[in-house]
1. Specify the residue that is surrounded by the most Cβ atoms within 10 Å (Cβ to Cβ); the eligible residues are those in the stretch 238-261 that are of a type in the set (Ser, Thr, Tyr) and in a helix (DSSP H, G or I).
2. Could you check how many residues of the stretch 110-163 are under 26 Å from Met198 (Cα atoms), assigned to a helix (DSSP H, G or I) and not hydrophobic (A, V, I, L, M, F, W, C)?
3. Restricting attention to the stretch 217-237, which residues are part of a helix (DSSP H, G or I) and open to solvent by less than 60 Å² (accessible area, probe 1.4 Å)?
4. Within the stretch 40-53, can one find any residue that is open to solvent by less than 40 Å² (accessible area, probe 1.4 Å), in contact with a helix residue (DSSP H, G or I) (Cβ under 6 Å, 6 or more places away or on another chain) and in a loop (DSSP other than H, G, I, E, B)?
5. Going by what's in this entry, would Val214 be described as open to solvent by less than 20 Å² (accessible area, probe 1.4 Å), closer than 30 Å to Leu87 by Cβ and in contact (Cβ under 8 Å) with a residue 40 or more places away in the chain?
6. For Arg170, which of the numbered conditions (1) touching a residue at least 60 places away in the same chain (Cβ under 8 Å); (2) part of a loop (DSSP other than H, G, I, E, B); (3) surrounded by 15 or more Cβ atoms within 10 Å (Cβ to Cβ) fails to hold?
Amino acid sequence: MPETRQPSSQSPAPHPTTPNGAGWLPHGYQLDAHSHDDGQLVYAASGAVATTTERGTWVAPANRMTWTPPGFEHSHRFYGETYVRLLTIPADLCDTLPARPSVFAVNPLLREALLALTERAQMPPGAFDRLRAVVIDEVAETPERSLHLPEPADDRLRTVTDLLHADPGRAATLTELGRAAGASERTLSRLFHTELGMSFHRWRTILRIHHALVHLTAGRSVTDTATECGWSNPSSFIDAFTEVVGQTPGRYQSELRSNTE
């Protein structure tokens with residue numbers, strides 16, 4: 001992993017009480033659970049950020065951003081050498097944005113607007129508001145690219161998901177996991193669909209992709225990442241990663257390197 005640059009006095013590390021800001025954060029940096037009266041966009045120009053609420057975890061790899069609406073209690077954890085940008089959206093301007101946490105791709109216009117809003121010390125009167133309005137319009141029109149991993153309330157289902165969180169590469173079947181939970185495969189399969197809105201296979205795939213993003217961001221090879229996260233071969237991992245993230249693991253790592261050079 002490249003040498004970590006600590007936040008400098010010129011670009012302080014963001015904090016929950018800081019409305020807007022930019023800074024380098026070390027691998028593993030965490031902001032504990034907190035909430036804001038306003039909405040917040042978090043953009044990782046490099047590295048990756050995981051945002052967790054009671055509804056689950058959203059991961060934004062480099063060149064995506066997370067959106068947290070007003071009032072949602074959430075925590076952040078940063079992976080790799082992360083150059084993070086925070087932008088507050090006042091509550092009275094959030095009507096056109098999603099009412100739930102989300103992840104969006106960052107197009108060139110959105111990126112440049114975010115950089116200007118979080119970098120420039122001074123802007124002409126009204127310029128900040130106009131540029132922030134551009135960001136809101138772009139986010140409202142951008143399709144979601146959510147790497148969302150929902151979490152269950154049912155105790156039986158939570159037993160299964162806890163086992164998989166502890167060992168994402170675990171190859172156990174739903175029937176085998178059900179023995180620990182005291183529930184049948186059929187019952188658990190139904191609960192995955194009704195509580196989490198996806199199949200057991202899909203939930204475990206997204207969990208593994210979350211862990212794969214962390215490994216890749218930390219500089220692990222594609223082959224080692226595939227093995228550690230439970231894929232039988234690199235090809236099947238590459239296919240799954242590309243389908244969920246929208247680019248190959250190699251391309252993702254290449255962009256990470258270019259963003260930190």
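The values are calculated or read from the model by the stated rules, or taken from the named source; none is laboratory data. Computed from a predicted model, the values in this text were never measured in an experiment. Because the Cβ atoms are built from the backbone with ideal geometry, glycine has one as well, and the counts that use them run over all protein chains shown. Surface accessibility is based on the protein's heavy atoms, side chains included, excluding ligands, DNA and RNA. Shrake-Rupley method; radii C 1.70, N 1.55, O 1.52, S 1.80 Å.
1. The selected residue is Tyr252.
2. Here the count works out to 7.
3. Thr217, Val222, Thr225, Ala226, Pro234, Ser236, Phe237
4. no
5. So Val214 fails the test.
6. (3)
Let's see how each residue does on (1) of a type in the set (Phe, Trp, Tyr); (2) under 27 Å from His211 (Cα atoms):
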site	(1), (2)
Val103	no, yes
Leu117	no, no
Met123	no, no
Phe128	yes, no
Pro143	no, yes
Asp154	no, yes
Arg170	no, yes
Glu176	no, yes
